[in-house]
Amino acid sequence: MTLDWLPYAVAGWVFLAGCYGLVTSRHLVHTVVCLSIVQSSTYLLLLAIGWTRGGTAPVYADIGRHRKVADPVVQAMTLTDIVVGAAVTALLLALTVQVAKRRGSVDPRELRSLEEESREERAG
Amino acid sequence: MRRQLPLVLGVLGGAALAVTGFRALAALPGAGHVPHPYGERAVADAFHHDTANAVVAVTLDQRGFDTLGEELILLAAAIGTVLLLRRLTAEAEEDAPHEYGPGEIFEGVRLVGYVLLPVTLLVGGYVVLHGHLSPGGGFQGGTVLASALYLAYLAADHRTLERLRTAGLLDTAEGLGAFGYVAIGLAGLVAGSGFLADWLPTGTVRDLRSSGTLPLLNVSIAVEVGAAFVLVVAKFLEQAILVPREEAS
Amino acid sequence: MNAWILGVLLVLTAVTATAVVLTRDPGRQAAVLSAYGLVLGMTMLALAAPDVALSQIGVGTAAVPLIVVLAIARCERATNRSRERGDRSEPR
């Protein structure tokens with residue numbers, strides 16, 4: 001069955017696609033967004049592991065005690081993952097704004113390290 | 001050459017990761033056929049505490065202490081963002097010919113804002129208060145409630161939001177939300193068997209008054225998450241949206 | 001039937017994730033990111049995780065794209081001003 005491996009393959013693909021974006025990025029905001037894509041692959045992997053064929057959501061509001069359900073433990077972990085991921089994205093974007101203000105550029109290629117810059121200042 | 005280096009390294013690392021990663025994923029049991037010993041025990045425990053929503057039972061009851069850590073991460077990230085985005089004096093001078101204006105907003109957008117505001121508030125409140133019964137909870141509801149404030153921003157203008165923010169209401173709410181979670185946990189230490197232990201009667205499963213302290217925890221999380229979200233977005237707005245002074249008046 | 005929906009949504013997730021990465025203009029990327037957040041939320045729903053889907057749609061479709069757009073606006077203002085002053089370091 002395709003569905004036996006498809007969720008895992010999609011998680012792996014999303015992870016690698018995000019990594020490709022990180023490496024080739026030309027704009028720091030783009031880099032941060034790609035990082036959040038990398039993180040979203042972990043949501044997929046966790047939920048794919050928790051999913052049960054023929055199971056329903058682990059919410060017993062309108063189903064019987066013995067219905068087959070997805071694993072609530074991995075779902076709770078994914079919930080934590082999303083919230084922490086959003087917090088990290090906000091913090092990284094704030095740092096990006098600071099970089100843009102202080103260095104006047106958001107292209108990783110143009111951002112030389114502070115060390116390099118101070119060395120040049122001393123030399124010149 | 002130096003510029004190509006990251007790309008070459010990236011391709012090599014990516015290829016290695018792809019090969020090993022996909023081999024590892026192939027060794028997992030097929031999706032949908034994974035045994036869940038922890039999941040079954042978590043569900044049994046959720047019923048023991050009369051919580052219909054097993055996911056909320058895991059996050060707030062069984063892993064309540066982890067969620068406290070997660071909340072503190074969120075608090076720290078919000079404080080960090082607010083600090084990083086504060087306006088410096090030099091910046092204020094540079095931006096002097098600009099101000100936060102009620103830019104041009106289409107009447108239609110304004111109308112949608114007015115209409116959706118009460119609906120969003122209602123949905124947010126419902127999602128928070130029914131978190132232990134149906135899908136939802138403090139995090140989801142807090143986000144919905146925070147987005148209601150941005151509908152208010154669309155319908156009114158930045159100054160309304162600014163007044164709310166400078167009143168110190170949000171900072172207080174942010175702190176109170178985090179404190180509330182700890183306080184409920186400490187109450188468990190006094191009245192129950194330990195930190196974050198259930199100290200309220202668990203009630204009847206599927207009833208609004210069930211699950212012991214979980215609804216209270218959900219409310220405190222909603223306050224904290226909502227305030228954090230509003231604070232962070234407000235800081236970004238303050239940085240991004242400035243209009244020339246003449247355009248604003 | 002449910003399996004079909006899940007399969008289609010998973011493929012759609014992979015496609016939209018790739019689209020987000022390949023969209024180089026950050027402003028456009030924010031819009032694609034929002035669409036990806038929605039598709040991912042639907043996939044989570046199909047994976048029997050409504051709690052997670054709800055928070056993904058709230059955070060990934062609304063909150064994160066919003067702060068991304070705002071950050072782009074601020075970055076552009078900063079880089080433009082620096083370019084006007086001409087103190088931008090040339091790439092080498």
Considering only the range B:14-39, how many residues are surrounded by 14 or more Cβ atoms within 10 Å (Cβ to Cβ) and of a type in the set (Ser, Thr, Tyr)?
1
Is it the case, given these coordinates, that residue B:72 is within 7 Å of chain A (Cβ to nearest Cβ), assigned to a helix (DSSP H, G or I) and exposed (fewer than 15 other Cβ atoms within 10 Å of the Cβ)?
no
Take residue B:56 and tell me if it is in contact with a Leu (Cβ under 7 Å, 6 or more places away or on another chain), at pLDDT 90 or above, crowded, with 19+ Cβ neighbours inside 10 Å and within 24 Å of residue B:204 (Cβ to Cβ).
yes
Which of the residues belonging to the range C:1-19 are modelled with pLDDT under 95 and farther than 13 Å from residue A:6 by Cβ?
C:1, C:2
Can you tell me which residue in the range B:42-58 is nearest to the other protein chains (Cβ to nearest Cβ), limited to those that are aliphatic (A, V, I, L, M) and in contact with a Ser or Thr (Cβ under 8 Å, 6 or more places away or on another chain)?
B:52
Are any of the residues in the range C:41-57 among the hydrophobic types (A, V, I, L, M, F, W, C), under 27 Å from residue A:27 (Cα atoms) and out of contact with any Gly (no Cβ under 8 Å at 6 or more places or on another chain)?
no
Taking the range A:62-75 on its own, how many of its residues are more than 8 Å from chain C (Cβ to nearest Cβ) and part of a helix (DSSP H, G or I)?
3
Taking the stated definitions as given, is residue B:154 at pLDDT below 75, of a type outside the set (Lys, Arg) and buried (at least 16 other Cβ atoms within 10 Å of the Cβ)?
no
Please specify each residue of the range B:159-184 satisfying the condition of being modelled with pLDDT under 90, assigned to a helix (DSSP H, G or I) and within 22 Å of the chain's Cα centre (by Cα).
B:161, B:162, B:164, B:165, B:166, B:169, B:170, B:171, B:172, B:173, B:174, B:175
Checking the structure you have, find out if any residue of the range C:24-43 is facing chain A (nearest Cβ under 7 Å), buried (at least 18 other Cβ atoms within 10 Å of the Cβ), hydrophobic (A, V, I, L, M, F, W, C) and closer than 13 Å to residue A:21 by Cβ.
yes
Residue B:205: within 14 Å of another protein chain (Cβ to nearest Cβ), at pLDDT 90 or above and either within 29 Å of residue C:41 (Cβ to Cβ) or part of a helix (DSSP H, G or I) (or both), yes or no?
no
Give A:38, A:59, A:88 a once-over and let me know the one that is of a type in the set (Val, Ile, Thr) and within 8 Å of chain C (Cβ to nearest Cβ).
A:59
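The values are calculated or read from the model by the stated rules, or taken from the named source; none is laboratory data. Computed from a predicted model, the values in this text were never measured in an experiment. Please note: Cβ atoms are built from the backbone with ideal geometry, for glycine as well, and neighbour counts cover all protein chains shown.
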